[in-house]
Amino acid sequence: MPTADPYAFRPVTEADLPMLERWLNAPHVRRWWGEPADEVAGIKADFDEPAMQSFIVLYDGEEFAYLQCYRIAADDLSFGDRPERTVGIDQFIGLADRAGIGHGPAMIDAFVRKVFDEGMERVVLDPHPDNAQAVRAYEKAGFTVFDQRMTEDGPALMMARDRC
C-alpha cells in the first residue's frame, strides 16, 4: 500500500526568520552560507520576488531544513544551454542531528519530483567543489556534474537533473 511522501514544503513566513537565522548560525550551515543576518535579510527581501520561492522543509511534520527555488532568467547563461523550464535550487539542513543520515538526498528528490510534476524540465544547482557531503547528496538525488566554474561566490560545480 503506497504511503504519502514524508517530506513537505511550506512557504517561509516572517515568523520563520528567527529560526532560519539560528540555523544559518549553526557551524555545519555557516561554513557554506553567507553571514546569517545578511542571508535572512535576503530571504525576507525575496518574499516580494516572483521568481523566488522559499520553503521550510518538514519531515513527518517536523521543521528541519530550508530550500529555495528560483526561475532562471532567459538571459542568464550561468548554467549554460538549458531547457526553457529550468529552475535552480539551494538548500541546507538546519538541524545538525538531521544532517548526514539521508535526509538531504531524499528531500531534494521529493522536491525535484514535485517541480517536474509542475512542468519543469531541469533543476540545477551549484555547490562548492569542497562541499563533498552536499555533492554526494546531490548525486544520490540524481544530479550529475556538467561543468566547474568560478562564480561571484567562488568555485562551483554546475550540476543538473533532467526530467525523464
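The values are calculated or read from the model by the stated rules, or taken from the named source; none is laboratory data. Treat the numbers as computed from the prediction; the structure is a model and nothing was measured. For neighbour counting, all protein chains shown are included, and Cβ atoms are generated from backbone atoms with ideal geometry for every residue, glycine included. Surface areas here come from the heavy atoms of the whole protein model, side chains and all, with no ligands, DNA or RNA. Shrake-Rupley method; radii C 1.70, N 1.55, O 1.52, S 1.80 Å.
Restricting attention to segment 128-154, the residues being within 17 Å of I93 (Cα to Cα), touching a strand residue (DSSP E or B) at 6+ places or on another chain (Cβ under 9 Å) and either open to solvent by 90 Å² or more (accessible area, probe 1.4 Å) or touching a residue at least 40 places away in the same chain (Cβ under 8 Å) (or both) number 4. Taken over segment 34-46, the criterion of being over 20 Å from T13 (Cβ atoms) and of a type outside the set (G, A, S) is satisfied by E35 alone. Taking each residue of segment 78-96 that is of a type in the set (S, T, Y) and part of a strand (DSSP E or B) and looking for partners that are modelled with pLDDT under 90 and open to solvent by less than 50 Å² (accessible area, probe 1.4 Å) with beta-carbon atoms closer than 6 Å, six or more apart or interchain, yields T86/I72.
Residue by residue through segment 57-68, note down the ones that are part of a strand (DSSP E or B), over 18 Å from D109 (Cβ atoms) and touching a strand residue (DSSP E or B) at 6+ places or on another chain (Cβ under 9 Å).
Step one: of segment 57-68, the residues part of a strand (DSSP E or B) are 57-59, 62-68.
Remaining after also requiring over 18 Å from D109 (Cβ atoms): 62-63.
Residue satisfying the conditions is E63 alone.
Taking segment 32-50 as the range and being assigned to a loop (DSSP other than H, G, I, E, B) and within 24 Å of Q133 (Cα to Cα) as the test, the residues that pass are W32, W33, G34, E35.
Does at least one position in segment 40-61 carry a residue that is modelled with pLDDT under 95 and over 25 Å from E152 (Cβ atoms)? Within segment 40-61 (the criterion being modelled with pLDDT under 95 and over 25 Å from E152 (Cβ atoms)), the answer is yes, since at least one residue qualifies.
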